Amino acid sequence: MVSYIAPPDWYNEAYFIFNYVICVLQFFGFGINLIHFSILTRPHMRSNSIYRLMIGICSCDLLTQVNTFLIFSPFWIRDSSIKEEQCYMTLTYFDAFLHLHGTTVLDITQRGASWMALFMALYRTLSVMFPLNPRIQKLSKPVFAVWTILGVLVFTSLTTWMVQARRIIKPYDWDYDCDKNEIHLNETRYGVLVPNEFSAIQSKLVSTYGFIKALPSLIDPILTFFLILELRRASKRRKNCGKCSEDRTDNTTKLVMFVTISFFLLEVPNGLSHVVNGFFYDNVPVRTISVMVPVFAEILPVVNSSSHFFICILMSTQYRETAKNLFRRAVGRHGKITFVEECNSTKTHNSVKKEPVFVKVT
């Protein structure tokens, strides 16, 4: 139970304000990602493997937004009227359930999006470096993107289960008040913890899991470097051929590069906190800091996922045209009235008389 020291006085107030900020941002982020998802799922967009992988990333981002909202919004979906409860280390069963299973799903979706972005950059780098290799070019097939998404979700689910499987929800009838005095609780509350018999193996697994979390962000700079080199080579080739216009494949490469950069700092704080938590398992102050850091780092996935829509708008002509057509269809659904002239012939003078007819076009 007492595996962490009490946080400093400023932490609770900062955490409370942070909850407000992140929940407001999630509303905007969720709406932006819904628009982003509706554009990516158009038939001609789904025929591109890059955009199929981005559909997988966007789906994970939407689930991340929902889970983050549920876990970090106690003032909307939880009873926080009792001030004393803010000092408790224990939780209600609903909060404990969300903390255990909600963070499990959150880890799967966050890691999944990072690994999908990594494979998207890897496939793009290989395809532009080896354009004549038939095996490499198979990676750009849309069906291969689907298998990549499924493989990533299986991998992230197994690695997350590796760490979360030993955590349990334990009931408590005591806690500490705001003066750090042990008190008896009138009703049973709960805590999420790892039993003592699994503490040694858990510390090693947490360290390994932290490295797996940080791995995509560590590989991203390498892939970004190769993508930048490939863009420069393509620019030189166009100059040698006397072409001034930019190739569309370069735009796609830039799109992948910017999406990869957006994931660069996403996993570093969370991953390193797990590594520190595992290596300094007996150092209570260090473990406390390692737990506090990723709490505030949860704002990074919200900002990162919301940026993908704007990156695609700026970098992809096909995405912009699809967005414009989707907007025009949404506006055109209201319908409009136009004038159509109908020609009728008369029997007396064999002349043609034009009469206006109102037609509603929907």
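Considering only segment 191-201, how many residues are under 16 Å from Trp161 (Cβ atoms) and without any contact (Cβ under 8 Å) to a residue 60 or more places away in the chain? Reasoning before the result, please.
From segment 191-201, those under 16 Å from Trp161 (Cβ atoms) are 192, 194, 198, 201; that's our starting set.
Still in the running and without any contact (Cβ under 8 Å) to a residue 60 or more places away in the chain: 194, 198, 201.
Number satisfying all stated conditions: 3.
Report yes if some residue within segment 35-42 is modelled with pLDDT of 85 or more, touching a His at 6+ places or on another chain (Cβ under 8 Å), within 30 Å of Lys141 (Cβ to Cβ) and surrounded by 15 or more Cβ atoms within 10 Å (Cβ to Cβ); otherwise report no. Show your work before the answer.
If we filter segment 35-42 for residues that are modelled with pLDDT of 85 or more, which is where we start, we get 35-42.
Next, from what is left, pick out any that are touching a His at 6+ places or on another chain (Cβ under 8 Å): 36.
Applying the additional criterion that residues be within 30 Å of Lys141 (Cβ to Cβ) yields 36.
Those still in the list that are surrounded by 15 or more Cβ atoms within 10 Å (Cβ to Cβ) too: 36.
Within segment 35-42, one or more residues are modelled with pLDDT of 85 or more, touching a His at 6+ places or on another chain (Cβ under 8 Å), within 30 Å of Lys141 (Cβ to Cβ) and surrounded by 15 or more Cβ atoms within 10 Å (Cβ to Cβ).
Of all residues in segment 235-265, count the ones that are surrounded by 12 or more Cβ atoms within 10 Å (Cβ to Cβ) and at pLDDT below 65.
If we filter segment 235-265 for residues that are surrounded by 12 or more Cβ atoms within 10 Å (Cβ to Cβ), which is where we start, we get 235, 238, 246-247, 249-265.
Subset that is at pLDDT below 65: 246-247, 249-250, 265.
Residues that pass the stated criteria total 5.
Quick check on my filter: what residues within segment 47-78 are among the polar types (S, T, N, Q) and either at pLDDT 90 or above or not in a helix (DSSP H, G or I) (or both)?
Start the filter on segment 47-78 by keeping residues that are among the polar types (S, T, N, Q), which leaves 47-49, 59, 64-65, 67-68, 73.
Answer for segment 47-78, where residues must be among the polar types (S, T, N, Q) and either at pLDDT 90 or above or not in a helix (DSSP H, G or I) (or both): Ser47, Asn48, Ser59, Ser73.
Just give me the residues in segment 194-234 being more than 13 Å from Arg124 (Cβ to Cβ), surrounded by 14 or more Cβ atoms within 10 Å (Cβ to Cβ) and either touching a Phe, Trp or Tyr at 6+ places or on another chain (Cβ under 8 Å) or among the β-branched types (Val, Ile, Thr) (or both), in sequence order.
Hits for segment 194-234 are Val194, Ser199, Ser203, Val206, Ser207, Thr208, Ile212, Pro216, Ser217, Ile219.
The values are calculated or read from the model by the stated rules, or taken from the named source; none is laboratory data. From a predicted model like this one, the values you see are computed outputs, not experimental measurements. Quick reminder, even Gly has a Cβ in these numbers, built from the backbone with ideal geometry, and neighbours come from all protein chains shown.
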